[in-house]
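Heads up: the structure comes next, in structure tokens.
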Amino acid sequence: MSLAQLHYTSAPPGPDGSGFRFTAVTPGLPTSLLREAEQLIGYEPPRDAPPRPTDEQLAGFPRVFSHTLLSDGSRLLSRTVYTGADYSGRWGNFHAHAVHLPAGTRLPGDQLPITAWESARWTDRTPDGAEPGPLTALPPAGHFDRAGLVAFAELRAPWLAAFFADVRRAAETVDAPQIVLVERESADIARWIALASTALPRESAHQLTFTTYTRRPQLARQQIIGVLPDDGQGLTGYDQRYRLHDCTGRPPTEPVTDLWSETAALVWLGRAPELFKEVAGLPGESFDAGPLAVAALCSGIPLGSACRTAAIDWAGAHTGALAEDRLPRLIAALCSPADDRTAGESAALARLCAALDGRAPAATTAPLAALVLTEAVRTSSLELPALSPSAITTEYRRRLAAELATDLRDGIANGASDPTSALRLLGVAGTLGVDCADLLPDLARRLSGALLADPGKADAPAVRSALDNHFDLRVALLGKLDDLAAGDPPAAARLLARAGLALPDAQSLPHLRMCARMARTAADEDRVTALHLVIKDAGVPLFAEPLVLRTAMRLVWDSGTPAAGQAALLLGETGSDVHRAAGTFPTLVQAALDAPADDRHAPGLARDLLRCFPDELDSRTRGALLLLEFAGDLTEGSPGHGWAARAAALRAVAEPLEPTVLARAFNAVARRLLDTERPDGELSALTACRDGELLAAYAREARTDRVRDLLRTVPAYAADCFTCWSSHPGTDPTWDTTRNGLLDEVLRPVVRALPQADVASVEAALERLQGRWAEEFRQWNRPGALSRFARRLGGRGRRSGGAGPRWNDVQPPRKDGGPS
């Protein structure tokens, strides 16, 4: 197949005119293509070029060798040279010779475009006739021999990796920045392109566009643009559009993070460009650094830790792709001494060792296994894989056991702050046969504390491997966990739920068994039932092991307390002796004191606690329980006498008092004081106690619907409340405020709303009392009498005492109106 050609230069007048024009074109090339090509094949001499160069000077002018993608998807491979004077003697002529490659086609023989640099088939003049002669190939001229490119790469070593990184980006991304190369010779630009084309995957190399020289890089369309030093100025600072590599200036200092690019540079510097072709058939992505790094290591090319890690990861994922002769060389390279080996590389080595275990002869993998085991001991952070006994030879095992025994035992005993690190060392010791049995109890102690503090550590491979492979360690660990579970049962339950540790029948482990049972208990299970279940799973009687009860209660109620009814049931079922021995009676006490004010079980629980633990309760707690019991007595109807005084006295002993206990007791006192049955002297005791919170409870109870209903329906009760709330003025400012508020805000609205007959019944009840109560009630109830009556009462003093109606405990006023 003949390549379509075109020639362009300044020519004498002809059918197509004179001046610069196409002088020879293969028939069939469309006019639109010629117009587009005309913009790409021009030539502008260097800035410092002589105006009338000699033949020798002409030979030194830059060559424009371009590979350009056209708008229709086809490609143009062109060569343009400066020829000096044209047919008329005018200077500035050039000659362009180009071949057209339709979309989807390549040069004959799958030849890369850059290999046609300075091919002998390029011409500097127009052929005779209007049509070019047949052109079937552009054979290489031999300018890019292996030795020459290797030498050039060594000279440009500082720029190689960064250049390859930009070339990769250009091959992978359509809108990647253009690469501008600054060299003094266009031939060096061609060598750069040859380096890139050799390193790139074959398809990417065929698609790479370039030009070896232009005066105006801003107008160039190619991916790689070659310029002279003067023409590269002004492109810095436009990193989004251009990536400038000035090979005539200072070498770059920025590090390159692209591993493929770094490896490709090292392959060139290692004088092994044939490796690019060698790895082309290996599995992996186009720019995967792994296969190239493997080939480099096998060829003895030193790589950095990151590139070695890429090689290790690829080898571990493609063990079948490693030839039999390549694997030993790779392992030898990886096991060579390296000062820059990182933790990531060591972890990759461990993964590779596991991947090769059983797939490669032990004689081949033994050096790798030895390195991994040594790294695990020396770093204490390497996660070891599970290796079969055949992964390392007997010779290596003996040698490593002798070398690492001291470090292993020291690391397990006290060198590893994290117990999981000690477990890794224990795994190495097991592989090498180093005896560490005497170190297991202390390791179990440290590991148990770490697991309770962070149950997530149970998922660590080192922990699971150690528990699966070390029976003695497992037994010791479970024993330590059982001890710790007695102190923090919820943490142990969380650990068992997370880790799924099986509890052997041969060990008692009562606390752990309860924790395991609690982990299986439904969240909505009745708490007392759940307690019975976990105690049953403990497998020991409470009287033989009272701490089981404490563990069970902490499991069921975690950091909270049972309800008062539940606590009373527990106390009744187990008795006080077990709770005393287990130290759980404070939980029962707290259940009583924390019970809501309307919990009907709390007073009874308080009574039982006072009876069962007379010597264990401190004075404050005893006072609080007595007050709680007293509140129950007030509610149940057998409180004795001196309610307010007793409540105030118990409160003083029980401070600081739980708010619910105080509210329950004061509300009970207030309710009884406002009942229809009230012993003599109770109201006087209320006013005398001078307790603002008790008076506030009394005022709240007086404002309840119960009291208002009694005021409306029982005239004697309304009369009694009037006498109570009018008595003892001046005794205490808080009492004065309370009683005046009740007269004005509670009693007056009720009385004003009563029918006249009911008001008369109230007056009649007051008439039956001694003194002027009825008259004072009439004055109080008269419209507009509020302020005057309040001032009058405010100046009177009354003393309590004397018999009266069954619900009245106040002394009536004297008939002369004076104080009684």
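Our note on the geometry: Cα centres of the stretch 619-689 and the stretch 287-302, 89 Å apart. Only one residue of A98, L617, P603 has its Cα farthest out toward the positive end of the dipole of the chain, where Lys and Arg carry +1 and Asp and Glu -1 on Cβ, and that residue is P603. The trypsin sites (Lys or Arg not before Pro) of the stretch 569-634 meeting both criteria, a DSSP state outside H, G, I, E and B (loop) and at most 16 other C-beta atoms within 10 angstrom of the site's C-beta, are R600. Of A120, T738, L495, whose Cα points farthest to the positive end of the dipole of the chain (charges on the beta-carbon: +1 Lys, Arg; -1 Asp, Glu; origin at the Cα centre)? The Cα lying farthest towards the positive end belongs to T738. Reported to the nearest whole Å, the Cα centre-to-centre distance from the stretch 697-734 to the stretch 54-95 is 118. Working from label points 7 Å from Cα in the Cα-to-Cβ sense, the A151 to R712 distance is 11.9 nm. Summarised in one figure, the compactness ratio Rg/Rh of the stretch 144-256, Cα atoms and Kirkwood Rh, is 0.92. Summing Cβ point charges (Lys, Arg +1; Asp, Glu -1) relative to the Cα centre of the stretch 144-256 gives a dipole of roughly 140 debye. Summing Lys and Arg as +1 and Asp and Glu as -1 over all other residues whose Cβ lies under 10 Å from the Cβ of F613 gives a net charge of 0. Put +1 on the Cβ of each Lys and Arg and -1 on the Cβ of each Asp and Glu in the chain; which of A458, L303, I189 then has its Cα farthest toward the positive end of the dipole? Of the options given, the answer is A458. Which of rounded, prolate, oblate describes the stretch 561-673, given a ≥ b ≥ c as roots of the alpha-carbon gyration tensor eigenvalues and a/c under 1.5 marking rounded, otherwise prolate only if a/b is larger than b/c? Prolate, because a/c is 1.5 or more and a/b exceeds b/c. Normalised Debye scattering of the stretch 635-675 at q = 0.16, 0.25 Å⁻¹ gives log10 I(q)/I(0) of -0.39, -0.89, counting only Cα atoms as equal scatterers and leaving out solvent. Here the stretch 111-189 and the stretch 303-368 have alpha carbon centers that stand 37 Å from each other. Calculated from the structure at hand, Kirkwood radius over Cα pairs in Å is found among [x] 28.5; [y] 38.4; [z] 37.6 as [z]. Under a 5 Å amide H cut-off, with hydrogens placed 1.01 Å from N, R690 pairs with nothing among residues at least 5 apart or on other chains. Going by neighbour counts of Cβ atoms within 10 Å, the residues V428, V279 line up, fewest first, as V279, V428. Which stretch or stretches of the stretch 72-108 have amide N atoms under 11 Å from the point lying 7 Å from A137's Cα along the Cα→Cβ direction? Residues 108 fall inside that zone. Ordering R329, R184 by the number of other Cβ atoms within 10 Å of each residue's own Cβ, fewest first, gives R184, R329. Close amide H pairs (under 5 Å, H built 1.01 Å from N) link A11 with G19, F20, R21, residues at least 5 positions away or on another chain.
The sum of -39500 (n - 2.57) across all DSSP H runs of n ≥ 4, divided by the residue count of the chain, sets its helix-only mean residue ellipticity at 222 nm to -15500 deg cm²/dmol.
Evaluated with a Cβ-only charge set (Lys, Arg +1; Asp, Glu -1), the stretch 343-434 carries a dipole of roughly 220 debye about its Cα centre, given to the nearest 20. Packing, as the average of other Cβ atoms within 10 Å across residues, places the peptides 259-266, 583-590 in the order 259-266, 583-590, highest first.
Converting phi to 3J(HN,Hα) with the Karplus coefficients 6.51, -1.76 and 1.60 and the offset θ = phi - 60°, the stretch 140-156 yields x, 8, x, 6, 10, 6, 4, 5, x, 5, 4, 5, 5, 4, 5, 5, 9 Hz in sequence order, with x at every glycine or proline.
Per the Debye formula on identical point scatterers at the alpha carbon atoms of the stretch 4-116, with no solvent, log10 I(q)/I(0) at q = 0.10, 0.17 Å⁻¹ is -0.33, -0.88. By other beta-carbon atoms within 10 Å, ranking R445, R90 with the fewest at the front produces R90, R445. Excluding T737 itself, calculate the net charge of residues whose Cβ lies under 13 Å from the Cβ of T737, where each Lys or Arg counts +1 and each Asp or Glu counts -1. Computed value for this residue: -2.
Quick note: the coordinates plus some simple rules give every number you see, no bench work behind them. It should be emphasised that the depicted structure is a prediction, and the values quoted were computed from it without experimental measurement. A quick note on method: Cβ atoms are made from the backbone with ideal geometry, for glycine too, and the neighbour counts reach across all protein chains shown.
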